[in-house]
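Down below is the structure, laid out as structure tokens.
The values are calculated or read from the model by the stated rules, or taken from the named source; none is laboratory data. Keep in mind that what you see is a predicted model, and the values were worked out from it rather than measured. Reconstructed Cβ throughout: ideal geometry from the backbone, glycine too, with neighbour counts over all protein chains shown. In case anyone asks, the SASA skips ligands and DNA or RNA and just uses the protein heavy atoms, side chains included. Shrake-Rupley method; radii C 1.70, N 1.55, O 1.52, S 1.80 Å.
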Amino acid sequence: MTEANTTSGASGEAAQTADASYDAVIEASGRHARAWLSSVRERAIPPQATADDIKDRLGRELPEAGEPDLEVIARLAEGVEPGLIAIGSPRFYGWVIGGTQPVALGADWLVSAWDQNTGLRAITPGAVAVEELAGEWLLDLLGLPPQSDVGFTTGATMAQFSCMAAARGEVLRRAGWDVEADGLAGGPAIRFIAGDERHGTMDLAARYLGLGAPIAVPADEQGRIRVDELAAVLAAGQGPAIVALQAGNIHSGAFDDFAAAIEVAHAAGAWVHVDGAFGLWAAASPSLRHLTAGFAAADSWSTDAHKTLNVPYDCGIAIVRDPAAMRRALGMHASYLQATEVGADPHEKAPELSRRARGVPTWAVLRSLGREGVARLVDGLAEAARGIADGVGALPGVEVLNEVVFTQVCIALDDDAVTEALSERLWNEGEVLAMTSRWHGRAVVRFSVSNWRTDAAEVRRTVDTVARTLTAIRG
């Protein structure tokens with residue numbers, strides 16, 4: 001054998017060894033993943049160890065010599081497991097987080113294996129094509145303007161940031177100021193206006209963008225922005241304005257009166273953004289679509305696929321009616337980047353140049369469920385929330401504080417101490433998880449229904465658990 005052939009043979013053997021290493025690691029990871037997934041429904045929901053405990057289990061010192069791959073995977077899976085919270089449990093109601101559809105998990109594993117940096121359309125056309133289809137289907141499914149740009153972000157905060165960056169640039173452009181070139185200093189002040197019961201991430205996104213704290217507009221008893229008060233706030237000032245509305249109040253699940261509010265805001269020349277982290281998906285259901293009536297007249301919308309649609313973390317979605325505004329705000333160009341001449345590159349629709357193809361699991365769920373399946377998913381979550389409200393609300397001393405129009409249920413007991421004790425005891429027992437908050441000056445326990453596996457049986461189990469827990473608290 002010649003030297004060249006010998007070298008070639010050695011390279012081939014090395015490649016086969018590398019391939020086999022992937023196989024072994026993937027198989028081992030799959031075993032651990034299946035063990036975790038099979039435990040989620042019945043395990044105690046809260047974590048059973050602290051972060052410091054887990055650091056001790058993993059080993060705090062960086063080893064001088066490496067550890068074999070399979071041992072690393074075993075150490076990771078077995079060491080971390082006690083510190084995991086069972087977010088995927090069908091009785092996890094602590095926050096609006098959602099579970100993971102099996103097809104979405106499979107697609108997400110492929111995303112990791114493909115390892116595509118999904119920033120340039122011409123360079124990673126496979127991943128970008130899937131995301132573009134997902135975006136087009138979302139616009140169709142939600143009844144939003146088909147020419148809109150869709151960007152995939154880490155979550156609702158960055159989706160709001162993306163939309164409001166486009167809004168900031170456009171309202172200043174209309175006022176004769178180029179914020180992309182000249183910055184904010186010296187330009188017209190922007191009035192950022194939002195309801196009293198907005199989600200805190202709206203404030204965070206605005207802070208990132210230099211807009212400051214919002215001008216707060218009073219809300220009604222369910223958290224909906226009062227349109228008459230919005231009109232008064234708009235009339236009291238002048239200059240560029242951004243108005244943030246809400247599809248799904250975090251306590252009540254209520255939806256703003258989009259048709260009236262958008263008309264008032266547009267009459268004042270404002271850009272209107274709709275924060276629909278979990279509620280935007282009501283538009284996909286024929287029976288719930290009335291909640292979002294008029295919202296398609298807004299200028300931008302944000303949501304999370306990892307909430308109501310149940311794809312893995314992370315997947316926020318930013319939607320902007322005017323693609324040019326979005327691309328001016330978020331795009332960048334350099335000679336070494338092979339920019340797309342037709343259409344737009346993904347990095348012009350999200351605040352990242354480098355990112356994984358997080359929109360692929362969204363495509364997978366939409367393809368798997370179809371239009372009718374998404375409607376069934378959304379309807380099922382709302383039905384489960386109504387079931388919890390009816391069952392828990394019938395228990396002695398329990399008051400359901402909100403009109404249950406979507407997926408949120410907010411309850412209070414005789415006094416704040418008992419309310420807080422209910423949540424604490426549920427946490428300690430681990431079968432049902434529902435967290436406390438404060439609403440209208442009262443301690444509340446909030447049930448956020450966002451898992452595709454929360455069916456009628458899990459609703460009954462939830463109500464029975466709450467009833468048993470209340471009996472124990474009251475002695």
Problem set entry | FRET efficiency for residue 26 and residue 368, using Cβ-Cβ distance with R0 set to 30 Å, rounded to 0.05 | 0.85
Seminar exercise, completed: Taking every other residue with Cβ under 10 Å from the Cβ of residue 281 and scoring Lys and Arg +1, Asp and Glu -1, one gets 0
For this session: Let me know the charge dipole size of the chain about its Cα centre in debye, to the nearest 20, where only the beta-carbon of Lys, Arg (+1) and Asp, Glu (-1) is charged.
Result: 740
Exercise. From the phi of every residue in segment 93-106, what ³J(HN,Hα) in whole Hz does the Karplus formula 6.51 cos²θ - 1.76 cosθ + 1.60 yield, where θ is phi - 60° and glycine or proline is x?
Worked result: 10, x, 9, 7, 10, x, x, 10, 5, x, 5, 5, 5, x
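Taking the Kirkwood radius as the inverse of the mean 1/r across Cα pairs, report the Rg/Rh of segment 420-475.
With Rh from the inverse mean 1/r over Cα pairs, Rg/Rh is 0.98.
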Exercise. Whole-Å semi-axes of segment 276-341's equivalent ellipsoid, largest first, each the root of 5 times a Cα gyration tensor eigenvalue?
Worked result: 30, 16, 8
Problem set entry | Unit charges at the beta carbon, dipole of the chain: most positive-side option, 364, 439, 449 | 439
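Show me the ranking of peptides 69-82, 403-416 by mean Cβ neighbours inside 10 Å, starting with the highest.
403-416, 69-82
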Exercise. By the scheme Lys and Arg +1, Asp and Glu -1, what is the net charge of all other residues having a beta-carbon under 10 Å from that of residue 86?
Worked result: +2
Problem set entry | Distance from segment 81-141 to segment 421-475 (C-alpha centre basis), Å | 28
Problem set entry | Global size of the chain as Cα Rg and Dmax, reported in angstrom | 24.7, 88
For this session: Would you mind putting 217-225, 366-374 in packing order, based on average other-beta-carbon counts within 10 Å, highest first?
Result: 217-225, 366-374
For this session: Using +1 at the Cβ of each Lys and Arg and -1 at the Cβ of each Asp and Glu in the chain, identify which of 83, 347, 184 lies farthest towards the dipole's positive end.
Result: 184
Exercise. Considering the alpha-carbon set of segment 27-106 alone, what are its Rg and its Dmax in angstrom?
Worked result: 14.5, 43
Problem set entry | Rg(Cα)/(2.2 N^0.38 Å) for segment 321-379, N = residue count | 1.51
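Over all directions, average the projected area of the Cα convex hull of segment 217-307 and note it in nm².
5.8
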Problem set entry | Estimated translational D of segment 102-177 in µm²/s (Stokes, Kirkwood radius over Cα pairs; 25 °C; 0.890 mPa s) | 167
For this session: Please work out, to two decimal places, the log10 of the ratio I(q)/I(0) at q = 0.12, 0.20 Å⁻¹ from a Debye calculation in which every Cα of segment 136-288 carries one identical scatterer.
Result: -0.50, -1.39
Problem set entry | Calculated from backbone phi, Karplus (6.51, -1.76, 1.60) coupling profile of segment 183-194 in Hz, x at Gly/Pro | x, 7, 4, x, x, x, 6, 9, 8, 9, 10, 8
For this session: For segment 213-256, report the convex hull volume of the alpha-carbon atoms normalised per residue, in Å³, without decimals.
Result: 74
Problem set entry | In Hz, Karplus ³J(HN,Hα) per residue of segment 272-282 (6.51, -1.76, 1.60; θ = phi - 60°; x = Gly, Pro) | 10, 10, 10, 8, x, 3, 10, x, 4, 6, 4
Seminar exercise, completed: Taking only protein heavy atoms and a 1.4 Å probe, the highest-to-lowest accessible-area order of 345, 108, 52 is 52, 108, 345
Seminar exercise, completed: Projecting the Cα atoms of 103, 169, 49 onto the charge dipole of the chain, where Lys and Arg contribute +1 and Asp and Glu -1 at Cβ, the residue farthest towards the positive end is 169
For this session: Please give the peptides 56-66, 149-159 ranked by average Cβ packing (other Cβ atoms within 10 Å per residue), highest first, as a rough proxy for protection.
Result: 149-159, 56-66
